[in-house]
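The values are calculated or read from the model by the stated rules, or taken from the named source; none is laboratory data. Everything numeric here is computed off the predicted structure, so don't read it as measured data. No Cβ is skipped: glycine too gets one built from the backbone with ideal geometry, and neighbour counts run over all protein chains shown.
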Amino acid sequence: MHLPEAIPKAELHLHIEGTLEPELAFALAARNGVELPYADTEELRRAYLFSDLQSFLDLYYELMAVLHTADDFADLADAYLARAAAQGVRHAEIFFDPQAHTARGVPIGTVIEGLGRALDRSEERHGVSTQLIMCFLRDRSAESAMETLNAAEPYLHRIAGVGLDSAEVGHPPSKFAEVYAAAGALGLRKVAHAGEEGPPAYIREALDVLGVERIDHGLRAMEDPELVERLVRERVPLTLCPLSNVRLRAIDVLEDHPLKAMMEAGLLVTVNSDDPAYFGGYVGDTFHAVHEALGLDPEQLRELARNSFLASFLDHDEERRARYLAEVEAYEFD
């Protein structure tokens with residue numbers, strides 16, 4: 001069976017903390033002696049009804065309390081990689097939020113050691129190549145971000161790039177100009193969330209002030225025709241997350257999502273799952289959903305899969321990228 005959702009693909013917008021399924025949350029809570037304010041997994045799942053980004057973030061940070069040890073982070077990442085591989089993911093560039101853990105007293109080394117352990121064995125276990133992107137929480141201070149970058153320096157051999165996430169409105173990219181300059185000086189790749197709830201101007205700032213290579217989300221770019229022209233001209237990738245946009249009320253229903261219009265405008269867009277445990281599906285589920293809701297044909301799905309590898313940070317291994325792209329072209333849909 002060659003289903004549309006199983007086409008080989010890369011996932012470029014995935015928060016590892018957002019893959020914490022209720023069952024694993026309760027298992028880790030029991031392991032670490034943490035009492036969750038939910039009777040069972042079903043009650044917890046009912047809490048996954050969000051009115052906006054902030055209501056999601058409140059639950060997202062609350063559940064992180066179950067993550068304590070390197071083993072916990074390894075188990076979290078390994079569970080994601082197994083699910084992703086089953087849905088056609090061949091390469092994953094994974095976000096993590098160290099400030100959310102160090103603020104709870106979990107050392108950054110514990111986080112990176114645990115995630116790294118799972119990533120090191122990912123190709124052997126799951127057939128998925130990986131890279132790790134360290135995100136700064138934009139609703140915290142720029143000084144905190146710089147402290148986090150400094151703390152991560154002993155582990156830079158494990159980190160491919162930096163990103164910017166969490167509550168967007170009121171926290172423009174320019175707030176983090178200094179830390180992004182420092183990250184660039186260390187040789188790290190640069191991405192940033194922009195234009196999810198924030199205005200198109202945030203996308204411009206991310207490009208011009210932070211010097212990012214990819215825009216995470218970028219949904220609101222379509223409000224600015226000149227910006228769209230620039231993104232097309234410069235081939236700036238956008239890592240869209242359609243199921244997330246609906247769950248967080250940025251889009252009312254999936255049928256209204258501008259993904260298809262963005263493709264027709266010539267934008268280099270990719271489809272990703274964002275925080276799949278919270279938003280109703282992993283990346284293969286997302287491919288299936290947009291195929292159904294937007295009427296994307298097999299060649300449009302192939303374009304999205306192709307874009308995912310073209311937008312990836314596989315520049316250091318063009319042979320691998322070429323191999324993945326060949327898999328996309330050879331994929332036969334039912």
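Below is a table of values for the structure above.
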{"quantity": "Some residue of segment 169-181 being modelled with pLDDT under 95 and within 19 Å of the chain's Cα centre (by Cα)", "calculated": "yes"}
{"quantity": "Residue within segment 99-109 that is touching a residue at least 24 places away in the same chain (Cβ under 8 Å), at negative phi and in contact with a strand residue (DSSP E or B) (Cβ under 6 Å, 6 or more places away or on another chain) present", "calculated": "yes"}
{"quantity": "Of all residues making up segment 176-185, the number that are surrounded by fewer than 23 Cβ atoms within 10 Å (Cβ to Cβ) and touching a strand residue (DSSP E or B) at 6+ places or on another chain (Cβ under 9 Å)", "calculated": "2"}
{"quantity": "Residues located in segment 52-72, provided they are assigned to a loop (DSSP other than H, G, I, E, B) and either modelled with pLDDT under 90 or over 23 Å from residue 112 (Cα atoms) (or both)", "calculated": "52"}
{"quantity": "Top-ranked residue of segment 280-334 - restricted to ones that are acidic (Asp, Glu) and outside any helix (DSSP H, G or I), ranked as farthest from the chain's Cα centre (by Cα)", "calculated": "334"}
{"quantity": "Candidate set: segment 267-279, residues that are in a loop (DSSP other than H, G, I, E, B) and without any contact (Cβ under 8 Å) to a residue 60 or more places away in the chain; chosen: the one farthest from residue 307 (Cα to Cα)", "calculated": "267"}
{"quantity": "Number of positions in segment 246-283 that are touching a Phe, Trp or Tyr at 6+ places or on another chain (Cβ under 9 Å) and of a type outside the set (Ser, Thr, Tyr)", "calculated": "10"}
{"quantity": "Counted residues, segment 293-320 - those being closer than 18 Å to residue 239 by Cα and of a type in the set (D, E, K, R)", "calculated": "4"}
{"quantity": "Options 83, 104, 90; residue that is touching a His at 6+ places or on another chain (Cβ under 9 Å) and either of a type in the set (D, E, K, R) or modelled with pLDDT under 95 (or both)", "calculated": "104"}
{"quantity": "Subset of segment 198-227 [closer than 24 Å to residue 256 by Cβ and either crowded, with 21+ Cβ neighbours inside 10 Å or in contact with a strand residue (DSSP E or B) (Cβ under 7 Å, 6 or more places away or on another chain) (or both)]", "calculated": "198, 202, 203, 215, 216, 217, 218, 219, 221"}
{"quantity": "Single residue of 180, 155 found to be closer than 28 Å to residue 308 by Cα and touching a helix residue (DSSP H, G or I) at 6+ places or on another chain (Cβ under 7 Å)", "calculated": "155"}
{"quantity": "Close pairs (7 angstrom Cβ cut-off, 6 or more residues apart or separate chains): free of Cβ contacts under 8 Å to residues at least 40 places away in the same chain and under 20 Å from residue 131 (Cα atoms) in segment 307-334, part of a helix (DSSP H, G or I) and of a type outside the set (Lys, Arg) anywhere", "calculated": "321/309; 325/309"}
{"quantity": "Options 248, 210: the member that is in contact (Cβ under 8 Å) with a residue 40 or more places away in the chain, touching a helix residue (DSSP H, G or I) at 6+ places or on another chain (Cβ under 6 Å) and farther than 28 Å from residue 152 by Cα", "calculated": "248"}
{"quantity": "Residue match in segment 228-238 (condition: buried (at least 24 other Cβ atoms within 10 Å of the Cβ), free of Cβ contacts under 8 Å to residues at least 60 places away in the same chain and assigned to a loop (DSSP other than H, G, I, E, B))", "calculated": "no"}
{"quantity": "Test: residue in segment 60-73 that is among the hydroxyl-bearing types (Ser, Thr, Tyr), surrounded by 15 or more Cβ atoms within 10 Å (Cβ to Cβ) and over 27 Å from residue 128 (Cα atoms)", "calculated": "yes"}
{"quantity": "Residues of segment 81-117 satisfying the condition of being in a strand (DSSP E or B) and farther than 17 Å from residue 165 by Cβ", "calculated": "89, 90, 91"}
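For every residue, the table says whether it meets (1) among the acidic types (Asp, Glu); (2) touching a His at 6+ places or on another chain (Cβ under 8 Å); (3) in contact (Cβ under 8 Å) with a residue 12 or more places away in the chain.
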{"residue": "29", "(1), (2), (3)": "no, no, yes"}
{"residue": "32", "(1), (2), (3)": "no, yes, yes"}
{"residue": "40", "(1), (2), (3)": "yes, no, yes"}
{"residue": "49", "(1), (2), (3)": "no, no, no"}
{"residue": "55", "(1), (2), (3)": "no, no, no"}
{"residue": "61", "(1), (2), (3)": "no, no, yes"}
{"residue": "67", "(1), (2), (3)": "no, yes, yes"}
{"residue": "74", "(1), (2), (3)": "no, no, yes"}
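Residue by residue, here is whether (1) closer than 21 Å to residue 240 by Cβ; (2) of a type outside the set (Phe, Trp, Tyr) holds:
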| position | (1), (2) |
| --- | --- |
| 21 | no, yes |
| 35 | no, yes |
| 48 | yes, no |
| 62 | no, yes |
| 78 | no, yes |
| 94 | yes, yes |
| 99 | no, yes |
| 117 | no, yes |
